[in-house]
Amino acid sequence: LTLGGRLDEHKQFGTTGTYRFTAAYLLDKTGTRFRGVIGTGYKAPSVFQLYHPSPYIGNSNLLPEKSRGWEVGIEQELKRDFLSASLAYYDNYFEDLIVGIQNVDQAFSQGIEAAIDLKTANFLTRLDYTYCNSQDKSTEDVLIRRPNHKLVLSTNYEFSSKLHMNLTARHTGKREDLDFSQFPSPRVTLREYTVVNLAASFNFSNNLELTGRVDNLFHESYQEVYSYGSVPMSAYAGIKLSN
């Protein structure tokens with residue numbers, strides 16, 4: 001069992017308290033773990049959101065965002081130290097949700113998260129899936145930039161004590177956004193996309209390590225925010241020296 005609390009004092013918005021309570025119970029004989037979380041959240045608008053001189057970027061009337069939510073889940077070892085799976089359901093409620101430079105009076109997001117882990121002595125892979133249903137309760141519109149479906153595959157492989165590689169593939173489903181270049185801003189649909197990243201490291205010695213990675217390996221063209229382009233395929237290399 002864990003219990004935490006936080007007190008925020010903001011010069012403009014006053015003092016607000018939040019809390020978080022978590023619980024977990026393990027059935028050791030079956031390798032089953034039950035867990036739950038309940039808590040609240042608070043986020044004040046940034047100085048940029050409040051006071052940027054452009055009327056399309058700054059809004060001095062923005063209110064702080066408040067939220068409360070809960071989650072329950074189960075984790076199960078299917079084969080001890082080799083294969084495991086987890087499933088969770090979450091439900092979040094927002095008041096004055098900050099979207100761009102506007103407040104959404106009331107909104108919610110709810111869904112499931114599922115994962116499978118497979119590991120051996122030199123291999124580790126994890127598959128995560130998230131389903132999210134969200135809505136602005138005033139308009140019944142879907143919240144912007146929140147896909148219904150998201151899938152992430154991450155794999156780490158240790159070829160030897162010197163060479164390590166990581167491959168990550170992230171698939172993001174369709175989601176809605178706003179075209180802020182027009183007023184009133186119309187809704188647009190951003191297409192689904194998949195981005196693959198590859199990274200590797202090689203230890204020449206205890207003091208010298210070479211690193212490299214390629215982001216967006218297949219040069220996928222996509223948008224996370226409407227009208228903002230994606231980063232094309234990019235390669236990076238580096239050297240790490242240690243005493």
Original post:
Which of the residues spanning segment 169-226 are basic (Lys, Arg), open to solvent by 50 Å² or more (accessible area, probe 1.4 Å) and in a strand (DSSP E or B)?
Top reply: Arg170, Arg187, Arg213
Original post:
Where residues in segment 93-108 are in contact with a strand residue (DSSP E or B) (Cβ under 6 Å, 6 or more places away or on another chain) and crowded, with 18+ Cβ neighbours inside 10 Å, which of them is farthest from Phe183 (Cα to Cα)?
Top reply: Phe94
Original post:
If a residue has to be open to solvent by 40 Å² or more (accessible area, probe 1.4 Å) and either aliphatic (A, V, I, L, M) or in contact with a strand residue (DSSP E or B) (Cβ under 8 Å, 6 or more places away or on another chain) (or both) to count, how many in segment 109-129 make the cut?
Top reply: 14
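To keep it simple, each residue is scored yes or no on (1) under 21 Å from Phe108 (Cβ atoms); (2) surrounded by fewer than 16 Cβ atoms within 10 Å (Cβ to Cβ); (3) touching a Cys at 6+ places or on another chain (Cβ under 8 Å).
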| site | (1), (2), (3) |
| --- | --- |
| Ala24 | no, yes, no |
| Leu27 | no, yes, no |
| Thr32 | no, yes, no |
| Gly36 | yes, yes, no |
| Gly39 | yes, no, no |
| Asn61 | no, yes, no |
| Pro64 | yes, no, no |
| Arg80 | no, yes, no |
| Leu87 | yes, yes, no |
Original post:
If you check Thr130 against the conditions, is it free of Cβ contacts under 8 Å to residues at least 24 places away in the same chain and either more than 21 Å from the chain's Cα centre (by Cα) or part of a strand (DSSP E or B) (or both)?
Top reply: yes
Original post:
Just for segment 66-78: of the residues that are farther than 21 Å from Thr15 by Cα and open to solvent by 80 Å² or more (accessible area, probe 1.4 Å), which one is nearest to the chain's Cα centre (by Cα)?
Top reply: Trp70
**OP:** Any chance you could count how many residues in segment 1-14 are exposed (fewer than 13 other Cβ atoms within 10 Å of the Cβ), in contact with a strand residue (DSSP E or B) (Cβ under 8 Å, 6 or more places away or on another chain) and at pLDDT below 95?
**Re:** 2
Original post:
What pairs come up if the first residue lies in segment 138-161 and is closer than 16 Å to Leu118 by Cα, the second is open to solvent by 80 Å² or more (accessible area, probe 1.4 Å), and their beta carbons are under 6 Å apart, counting only those six or more places apart or on different chains?
Top reply: Ser154/Arg126
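The values are calculated or read from the model by the stated rules, or taken from the named source; none is laboratory data. No experiment lies behind these values; they were computed from the predicted model shown. All Cβ positions, even for glycine, are placed from backbone atoms using ideal geometry, and neighbour counts span all protein chains on display. Each accessible area value is taken on the protein alone, full model and side chains, heavy atoms only, with ligands, DNA and RNA left out. Shrake-Rupley method; radii C 1.70, N 1.55, O 1.52, S 1.80 Å.
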